[in-house]
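Nothing in this text is a laboratory measurement; each read-out follows from the coordinates by a stated rule. Remember, predicted model here, so these are calculated numbers, not experimental data. Methodologically, a virtual Cβ is constructed for each residue, glycine included, from the backbone with ideal geometry; neighbour enumeration extends over all protein chains shown.
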């Protein structure tokens, strides 16, 4: 009887030991699988998918019209670079809108200034390419401008284009001007969005 009990205890111990090893191995495999997932690609896909909501058709990258109503994963598989460009524009829009919320009371009236020259700016100081924004406030409307991937804007030269922007472009979307300036133009206060 004693021998039989020892055999049962030993067998159960061996089964538990190998079961614990199998559990640890399965957990390790899941962890390495999920750790190796390309989270940057998922973020790019999500940001690229929101492009139609926050980017005006004037600012959409070339080839965006071809994607039509493709499913997100199909679009990413067929043209990941296009989705990456859209994601950069969405990031620029997010930073510009955040900058408006953070600094609307610090922007001097009637002058185009660089976001680098304003105090209190943290993560939203630059566009998706790392270039500082140029900001203009006319007393009622704020324009946040970016040169996109190819240019750092010289804010001191943007007085006239900034005044033109705030006069006629009231939208919550990112737009692109004929001068290839990306901009978000938002009125302060309760002024309604006139172009969505």
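A few remarks follow.
- Net length available on complete extension from residue 8 to residue 62 is 12.3 nm, with 0.36 nm assigned per residue and the Cα-Cα distance removed.
- Exposure proxy order (Cβ contacts within 10 Å, fewest to most) of 47, 182: 47, 182
- Were the residues from residue 188 through residue 43 laid out at 0.36 nm apart, the gain over their Cα-Cα distance would be 49.1 nm.
- Simple label model, 7 Å out from Cα along Cβ direction - residue 53 to residue 164, nm: 3.2
- Remark: 176, 167 ranked as 167, 176, counting other beta-carbon atoms within 10 Å and listing the fewest first.
- Taken over the C-alpha atoms, segment 39-187 has Rg and Dmax values of 15.3, 46 angstrom.
- Percentage relative contact order, segment 39-187, counting C-alpha pairs under 8 Å, at least six apart: 23
- Estimated from the Cβ-Cβ distance and a Förster radius of 22 angstrom, the FRET efficiency linking residue 140 and residue 106 is about 0.85.
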